Amino acid sequence: MIALEKNDLTRTFHDLGKEIIDTFGRPKAILSLSAHWFTRGSHVQSSPFPLTERVLSLLPSADINDDWGIDHGSWTVLTHFFPDASIPVVQLSIDGKISPSASYDIGKALSPLREEGYLIFGSGNIVHNLYKVEWNNEGGSPAADRFDAFIAEAVKKRDDEKVINYEDHDDAAYAAPTADHFLPLLYTLGAAEGEKPLVFNQVRNLGSISMTGYAFGLNS
């Protein structure tokens, strides 16, 4: 499990966490968008911190739901970003009922949080197909490599329409057979509209998994 690993990927997470704090200061709280809380509608966890109420003010259609805890999509990565665990985390679900463009629009609606000292964190995979895992492959399959490179180029150029319409790509059915792991990228793209990304951990493994990440605000 990535939470227990110490490798190039997790060291990059740690370094990025330090850079975030050095650049912006310690976030008031983290709004985490985990692929593993994939729901019908938008739900946000309640919290004694003001983040929940602020999210509800920006997303009037969302509601509070505490049936789901902080899942491994959030904590296994954040434990490397901020190992002292001193920053409150609130999860917002990924709405599986809406279109990719609507997911992007939710990100846009949430963008004021960034100016208010909150960190918006998306956790998923650009390529995520557990049916096609190649256990003996330390890299990516040709289809995974192509799709990951296509998305990376579009994000770097801020050709958001290409990313929103990712399903048009020939390898999309292989790379993202379900939308849950891809949509966190669209939320974060919308929240950082127009900003150039810092691309990190641009690798594939097990054939059909991409670890590529994007950070906005550090390279703008």
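The values are calculated or read from the model by the stated rules, or taken from the named source; none is laboratory data. Just so it is clear, the structure is predicted and the values come from calculations on it, not from any experiment. Please note: Cβ atoms are built from the backbone with ideal geometry, for glycine as well, and neighbour counts cover all protein chains shown. The accessibility values were calculated without ligands, DNA or RNA, using every heavy atom of the protein model including side chains. Shrake-Rupley method; radii C 1.70, N 1.55, O 1.52, S 1.80 Å.
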Query raised in the report: Among the residues of the range 1-40, which ones are in a loop (DSSP other than H, G, I, E, B) and open to solvent by 20 Å² or more (accessible area, probe 1.4 Å)?
Result: MET1, GLU5, LYS6, ASN7, GLY25, ARG26, LYS28, HIS36, ARG40
Query - Within the range 71-133, helices (runs of 4 or more DSSP H) holding 2 or more residues that are open to solvent by less than 40 Å² (accessible area, probe 1.4 Å) - result: 72-81, 100-110
**Report entry** SER57, sole failed condition from (1) among the small types (Gly, Ala, Ser); (2) at pLDDT 95 or above; (3) within 23 Å of ASP180 (Cβ to Cβ)
**Finding:** (3)
Query raised in the report: Inside the range 147-157, can you point out the residues that are crowded, with 17+ Cβ neighbours inside 10 Å and in contact with a strand residue (DSSP E or B) (Cβ under 9 Å, 6 or more places away or on another chain)?
Result: PHE147, ASP148, ILE151, ALA152, VAL155
Query - Odd one out for THR39, checked against (1) farther than 24 Å from THR178 by Cα; (2) out of contact with any helix residue (DSSP H, G or I) (no Cβ under 7 Å at 6 or more places or on another chain); (3) hydroxyl-bearing (Ser, Thr, Tyr) - result: (1)
Query raised in the report: Are any residues in the range 120-165 among the small types (Gly, Ala, Ser) and farther than 15 Å from VAL203 by Cβ, and if so, which ones?
Result: GLY122, SER123, GLY124, ALA143, ALA154
Query - Top-ranked residue of the range 158-216 - restricted to ones that are open to solvent by 40 Å² or more (accessible area, probe 1.4 Å) and part of a helix (DSSP H, G or I), ranked as farthest from SER141 (Cα to Cα) - result: GLU161
